[in-house]
Amino acid sequence: MRIASLPLIFSLFFALPIFAQTDYSGNWKGVIELPGMNLEIAIDLKKEGGQWVGDLDIPVQQVKDMALADLKIEGRNMSFKLPEVPSNASFSGSFDEKGERLEGTFTQSGMSFPMKLARASAAEKAVEEKRLQDAIATLRHLADSLREKRMVPGLGFGMVKDGKVLLAEGYGYRDLEKKLPATANTQFAIGSSTKAFTAAGLAVLADKGQLEWEKPIIHYLPDFKLHDELATREMSAVDLLSHRSGLPRHDFMWYGSAFSRKEIYDRLRHLPPNKSLRTTWQYNNLMFMAAGVLTERISGSTWEQFVSTHIFQPLGMSNSNFSVKDMTASKDAALGYRTKARKENIRMDYRNIDAVGPAGSINSSVNDMLKWVQFHLDEGKAGGKQVLSAAEIARLRLPVMLMNESGTEKTPEITDYTYGLGWFIYRYKGLRVVEHGGNIDGFSALVFMVPEKEFGLVILTNQNASGAPTLLARYATDLVLGLAPTDWYARIYAEGDKQEAEKKDDKKPEPKRVAGTQPSHSLSEYAGEYEHAGYGIIEVKHDEKGLRMKFNSFSLALEHWHYDVFSAKDEDLEMTVMLNFQTDQNGNIYQLTTSTDPLVDDMAFKKTPPRRLSDPVFLQRLTGKYILEEGDTPITFELRNKTLYLKIPGQQEYTLEPFQGTEFKLKGLNGYSVVFELDGKDNTTSASFVQPNGVFKARRE
């Protein structure tokens, strides 16, 4: 049993002698009146073997079902000591004549505080049960009407309270075209809600003594390297899981790419940061991918195997997996959709993100995810066993970074926005919320908990970038916990709905454009492969239809925008990409730049030489003796180990570096290159030396 570091009451035990005249069995609720606040507590009392036994809950401190001991009752007087609590904690008080109230003094560290409890009557329980049932009925109607209003194809909704499942249902369709219904067992992609599983996996390793949270991960991953040396040396597991690495998202480095997890991990060193380590909260999927690699290195198994063995299996999450490959094979899996202009739903293909799986690849159902929620509300217990220590559960939910967000004009009820380890943590109408959403192509999800009220919920949808989960979670919290109601739909959507109804076919805003300009080169000269060491290759192709770019899994037509800038649009992602081609002093297109993340400068993709400039068969055709037309100076090109070398009498040997076409740069000489001229049969006829002071031609002997 874990004793948390709490301001008051850590562990209580008592055994009650029987006072025959009055039956004190039942649930007692009340508070300890501390300076400036009331600490809510609840005690359950019952008779076992002729003795009083009971347990204690302190919701705000996540103390639940803690057995009570060492109690005496004489007449209406009751007292007990708390030997497992520091500083001689104790209580003494008395029941009233009707046995309905218990009042007394709680003492700890020489300080005394009033403690007042009242028995919860059967009538009160019945009223509360009726209120809950009414709330659930309202939420059923609300979930389905909200789904229809926001054109959500399918929705899974589940809630737990006080250890019981209040609701676990599906609404709408998992397959819109075939009208296949969504159920509580339908698999949905949970996206970034996966991050909490990755954090819990590292907590398991910490529990085993195999991981020190604050120790630099380079001790576990000697090959870990970032662009920033300080971040490389000092990055800890806490840094990885709390979005304070100094890196912005850099999502287009992995999104849609064919890179393996290892390749992405190795490319981290080429991604520039925009902040210093631990100074700023910036959401970053790549660091959670790195946390998965850390899990693999320490455990000796894949991240998927580790989470399955240490989380899925103990919790009984048998309807969950780690890849859309597995979801494709499921008989009850949702298809993903995007809603276009609030008029139609368009099917989206599954997005395979196995390579960055620890950041967001898990697929699961409402019934399975409710087990995950209950596991957290039960302080790491599942199936009667302590799967993860309560101390590590508390660590995961401890705020680490203050976020640059809080209540806005539209949401003043939300305050104190922070991030822990794989969890967002904030106050909602004064209650502490622990949650994490998830979005991936065609799916949106939310896992939401109020631990002090033993309340949690899961909402899964097959709609891209849906706001329904958050909206429904707020309504559910208000209704189930009896909070002051807020019309969240009117607050968030009403104004937008009104504007949408009023506006005509307005065009979407576009980037600034300079009219009347032309590209500086023929379109064929823009074609080629452009490479960034971190992001990989952007390929530009030219055909009779114009230019087209291919990057990762995206293939998009290019439209001339102005000067040497071209644009590409992706309808599914509602995204416009601008490519700026750049020319060197010799008039050659040598690179393109594009914005991959708004928080850092544009990334430069260098144009890569044609592949044949590294082909020994082709290079051999270029070797031999040439005579410079001016001065009849003999020069020689030699091929050694797939590299061409230039020899000029009286000068050092020069290394030729492939550039473009049939042009090679002279290594170490800025502005100097050689261009080979070929005949119709690809035979070399001459070579031209391009220098700042002119162009000099040499004929081949």
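Only the coordinates and a few stated rules stand behind these numbers; no lab work does. For clarity, every value in this text was computed on a predicted model and none was experimentally measured. Reconstructed Cβ throughout: ideal geometry from the backbone, glycine too, with neighbour counts over all protein chains shown.
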Response to the item:
Scaled by the rule-of-thumb 2.2 N^0.38 Å, the alpha carbon Rg for the stretch 125-230 gives a ratio of 1.67
Fill in: Where only C-alpha atoms are counted, convex hull volume of the stretch 435-592 per residue in Å³
190 Å³
Discussion item. Using the Kirkwood radius over C-alpha pairs as Rh, can you work out the diffusion coefficient of the stretch 644-701 via Stokes-Einstein at 37 °C, viscosity 0.692 mPa s, in µm² per second?
Written reply: 274 µm²/s
Discussion item. Contact order normalised by length for the chain, with contacts defined as Cα pairs under 8 Å and 6 or more residues apart; what percent is it?
Written reply: 10 percent
Worksheet item: Any idea what the dipole of the chain comes to, in debye rounded to 20, about its Cα centre with Lys/Arg Cβ at +1 and Asp/Glu Cβ at -1?
Response: 460 debye
Item to complete: Would you mind checking the pairs 125/164; 149/195; 541/667; 642/667 and listing those with alpha carbons more than 21 angstrom apart?
Response: 149/195; 541/667
Worksheet item: In nm, to one decimal, how far is the modelled label at residue 340 from the one at residue 669, with both set 7 Å along Cα→Cβ?
Response: 5.7 nm
Worksheet item: Under 12 Å Cα-Cα from residue 208, which aspartates and glutamates qualify once same-chain neighbours fewer than 8 residues away are excluded?
Response: 392
Item to complete: Relative to the compact-globule scaling 2.2 N^0.38 Å, provide the ratio for the alpha-carbon radius of gyration of the stretch 326-484.
Response: 1.11
Item to complete: Would you please calculate the Kirkwood hydrodynamic radius of the stretch 549-701 over all C-alpha pairs and express it in Å, rounded to one decimal?
Response: 17.9 Å
Response to the item:
Whole-number value, in Å³ per residue, for the convex hull of the alpha carbons of the stretch 20-76 is 103 Å³
Response to the item:
Expected unfolding gain across residue 465-residue 129 under the 0.36 nm per residue rule, minus the alpha-carbon gap, is 117.4 nm
Worksheet item: About its Cα centre, how strong a charge dipole does the stretch 563-701 have in debye, to the nearest 20, once Lys and Arg get +1 and Asp and Glu get -1 at the Cβ?
Response: 840 debye
Worksheet item: If you project the alpha carbons of the stretch 140-494 onto the principal axes, what extent comes out on each, in Å, largest first?
Response: 54, 44, 41
Practice prompt. Have a look at the stretch 178-333 and give its Rg and Dmax from the Cα atoms, expressed in angstrom.
Written response: 16.8, 54
Worksheet, complete the sentence: Expressed in angstrom and rounded, the centroid-to-centroid distance over alpha carbons for the stretch 517-531 and the stretch 598-677 is 22 Å
Worksheet item: So which trypsin sites (Lys or Arg not before Pro) in the stretch 57-136 pass both tests, a DSSP loop state and at most 15 other Cβ atoms within 10 Å of the Cβ?
Response: 98
Worksheet, complete the sentence: Counting Lys and Arg as +1 and Asp and Glu as -1 over every other residue whose Cβ sits under 12 Å from the Cβ of residue 596, the net charge comes to -3
Discussion item. I'd like the FRET efficiency for residue 180 and residue 638, computed as 1/(1 + (r/R0)^6) with the beta carbon distance as r and R0 of 56 Å, rounded to 0.05.
Written reply: 0.25
Worksheet item: Semi-axes, largest first, in whole Å: what does sqrt of 5 times each Cα gyration tensor eigenvalue give for the stretch 26-120?
Response: 19, 15, 15
Practice prompt. Would you mind calculating the gained length between residue 562 and residue 486 on full extension (0.36 nm times residue separation, minus the Cα-Cα distance), in nm to one decimal?
Written response: 22.5 nm
Worksheet entry | Neighbour cut-off at most 13 other Cβ (10 Å), DSSP loop, GluC sites (Glu not before Pro), the stretch 409-486 | 409
Discussion item. What does the charge count around residue 429 come to, taking other residues whose C-beta lies under 10 Å from its C-beta (Lys +1, Arg +1, Asp -1, Glu -1)?
Written reply: 0
Worksheet item: Full extension from residue 48 to residue 512: what is 0.36 nm times the residue separation minus their Cα-Cα distance, to one decimal in nm?
Response: 159.2 nm
Item to complete: Output the Cα-based Rg and Dmax of the stretch 523-607 in Å, rounding Rg to one decimal and Dmax to a whole number.
Response: 12.3, 39
Worksheet, complete the sentence: Averaging 1/r across every pair of distinct alpha carbons in the chain and inverting yields a Kirkwood hydrodynamic radius, in angstrom, of 29.9 Å
Fill in: Farthest positive-ward along the stretch 442-589 dipole, Cα basis, beta-carbon charges - from 470, 542, 579
470
Fill in: Principal axis box of the stretch 301-360, alpha-carbon based, largest edge first, Å
45, 23, 19
Practice prompt. With a Förster radius of 30 Å, plug the Cβ-Cβ distance of residue 225 and residue 537 into 1/(1 + (r/R0)^6) and report the FRET value to the nearest 0.05.
Written response: 0.90
Practice prompt. Extending each Cα 7 Å along its Cβ direction at residue 576 and residue 269, get the distance between those two points in nm, one decimal.
Written response: 3.9 nm
Item to complete: Excluding residues on the same chain fewer than 8 positions from residue 343, give the aspartates and glutamates whose Cα lies under 17 Å from its Cα.
Response: 148, 177, 497, 500, 502, 505, 506, 571, 572, 574
